[in-house]
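Report on one structure; see the data block that follows.
The values are calculated or read from the model by the stated rules, or taken from the named source; none is laboratory data. Note that the coordinates shown come from a computational prediction; the quantities given were computed from them, not determined experimentally. Counting neighbours? That spans all protein chains shown, and the Cβs are built from the backbone with ideal geometry, glycine included. Each accessible area value is taken on the protein alone, full model and side chains, heavy atoms only, with ligands, DNA and RNA left out. Shrake-Rupley method; radii C 1.70, N 1.55, O 1.52, S 1.80 Å.
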Amino acid sequence: MSPEVLSTPVVDTAKAPDRAHSRARAARRRKAVVTVSRVLLLVAVLALWEAFSRAKVIDPFNFSMPSKIWDQIWTWVTHGTALGSLGEQIWYTLYEALLGWVIGVVAGVVCGIALGRITFLADILGPYIKVLNSIPRIVLAPIFVIWFGLGPASKVASAVVLVFFPVFFNAFQGAREVDRNLVANARILGASDRRVTLQVVVPSATSWIFTSLHVSFGFALIGAIVGEYIGATKGIGLLVAQSQGTFNAAGVYAAMVILAVVALVAEGLLTFAERRIFRWKPSGSDS
């Protein structure tokens with residue numbers, strides 16, 4: 001009887017680069033299609049808005065139209081606003097939002113990691129944090145104006161309270177979700193509580209924290225804008241309030257467009273930083 005010949009399947013390694021190239025090409029094609037679709041959708045919405053306003057299907061006094069909004073932005077860019085240059089108003093609002101965002105993020109991360117690591121502290125402060133989180137934080141803006149005046153401090157305080165809670169809960173959850181085996185191994189190697197926190201817990205919770213940063217900067221802008229709308233000496237929120245006071249719908253929409261651009265730029269910078277830090281994570285487009 002002749003011996004059985006065992007054959008193993010041969011993998012065609014020459015086709016692997018072709019498949020990778022095809023996937024990359026398909027991903028680029030899909031990205032281009034998505035980008036073009038987004039632009040077409042935006043153009044269609046703006047065109048319909050303009051056409052309906054000109055045809056008086058919607059009231060152009062209340063809803064304005066894209067052409068008037070653009071004219072308002074161009075007027076602010078070239079001739080400035082009643083409060084000063086447009087760049088000064090943007091920087092004033094951005095300064096308040098950035099400062100409030102940084103303070104809120106630092107406070108949220110520190111408190112979230114601390115309560116996530118110290119169960120006794122979490123049991124004591126947990127009910128108070130839940131009560132504070134249940135308060136509509138926008139209503140605190142008038143109180144901050146009374147406390148801190150019309151200057152930037154009241155807007156920074158509004159931004160801080162809006163940013164703190166989403167960052168805190170993500171940092172807290174990230175600290176609680178740390179792999180217990182990593183913590184146990186670090187302790188076996190003689191790591192102190194401080195080193196475990198800094199070298200194990202914080203790196204493990206970083207992805208949770210970054211997830212909250214994307215949302216929290218938008219909250220910081222909201223806090224600054226609401227504070228300026230209630231009472232301020234300059235800023236985009238004050239432009240909105242003045243435009244509303246003079247029934248200038250184009251001015252209100254123009255300020256909203258400027259805020260949207262600022263938020264998109266900030267989101268892009270955060271996404272870039274996240275990709276640089278988490279290079280080891282596979283992107284969703286790769287799957």
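Tabulated values for the structure
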| read-out | value |
| --- | --- |
| Any chance Leu264 is modelled with pLDDT of 85 or more and either crowded, with 20+ Cβ neighbours inside 10 Å or not in a helix (DSSP H, G or I) (or both) | no |
| Residue match in the stretch 13-22 (condition: part of a helix (DSSP H, G or I), at pLDDT 80 or above, open to solvent by 80 Å² or more (accessible area, probe 1.4 Å) and outside the structural domain of Thr246 (by the TED database)) | no |
| Any hit, the stretch 48-62, residues being touching a residue at least 60 places away in the same chain (Cβ under 8 Å), open to solvent by 80 Å² or more (accessible area, probe 1.4 Å) and assigned to a helix (DSSP H, G or I) | yes |
| Matching helices (runs of 4 or more DSSP H) fully within the stretch 106-180 where at least 1 residues are buried (at least 23 other Cβ atoms within 10 Å of the Cβ), basic (Lys, Arg) and in contact with a helix residue (DSSP H, G or I) (Cβ under 8 Å, 6 or more places away or on another chain) | 152-176 |
